[in-house]
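Engineer: Structure below; questions to follow.
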Amino acid sequence: MNARILAAASLPLALGACVAFEHLPEVALACDPRLEGRWAPDGMAAKDAVVIDRQCQATIPGGSQARGAAEPLRFKLRSFQLDGQGYLVFEKGDIARLTGLAEGALADSDLQALDKQRFLMRYRIDGETLQAAMADQAYASDAIDEGMLSGKALAETVSLVETDADGMPGLLASHPELFVSEGRGWAEFRRLGAGLAP
């Protein structure tokens, strides 16, 4: 799978290697007001900016690959905060839309192995900079194989991390490497001022 999460075509997340989580921590999902703004991928034009309103409704210009670049893609961002880290939460249907999979295409993808599991993106906002990182499937797969994480492979390119809601805070705290720090699946955005993007 390839996805454009939080960016029109500039966040090359490695969802051909993705990590699902069996449960979320026992925290309320909410709208982070700090996400409001127009965020341009680092090094890209203002026209590629993702717009997030105060209700955390995100608009990605160009939509998905399956529909070409005609219509923007809109969806609501849900997040939680834990130990000073922010996490965006995505469901299987969100991933399908963001990857541009057509209706019914899940039957032929690795996502078909999933049901109510969730995908997480860790993010950090520092002033006018937003950094976002997806979970690292290579790390998760190795950690599962070595017994450092409880989980299993659902398909060749999908790992499931298994723990209950009570165990999630400790798991996320003890495995900071579970989220990439550079390269594929990591991106930085700058908040644009008024008038810099249409």
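The values are calculated or read from the model by the stated rules, or taken from the named source; none is laboratory data. Small disclaimer: the values here were computed from a predicted structure and weren't measured. Because the Cβ atoms are built from the backbone with ideal geometry, glycine has one as well, and the counts that use them run over all protein chains shown. Please note that ligands, DNA and RNA were not included when accessible areas were found on the heavy atoms of the full protein model with its side chains. Shrake-Rupley method; radii C 1.70, N 1.55, O 1.52, S 1.80 Å.
Engineer: Name the residue that is nearest to Val50 (Cα to Cα), counting only residues in segment 151-170 that are out of contact with any strand residue (DSSP E or B) (no Cβ under 7 Å at 6 or more places or on another chain) and at pLDDT 90 or above.
Structural biologist: Met168
Engineer: For segment 37-53, which positions are open to solvent by 30 Å² or more (accessible area, probe 1.4 Å) and in a strand (DSSP E or B)?
Structural biologist: Arg38, Val51
Engineer: Could you list, in sequence order, all residues of segment 168-188 that are of a type in the set (Gly, Ala, Ser) and either open to solvent by less than 10 Å² (accessible area, probe 1.4 Å) or in contact (Cβ under 8 Å) with a residue 24 or more places away in the chain (or both)?
Structural biologist: At the first step, the residues of segment 168-188 found to be of a type in the set (Gly, Ala, Ser) are 170, 173-174, 181, 183, 185, 187.
Matches in segment 168-188: Ala173, Ser181, Gly185, Ala187.
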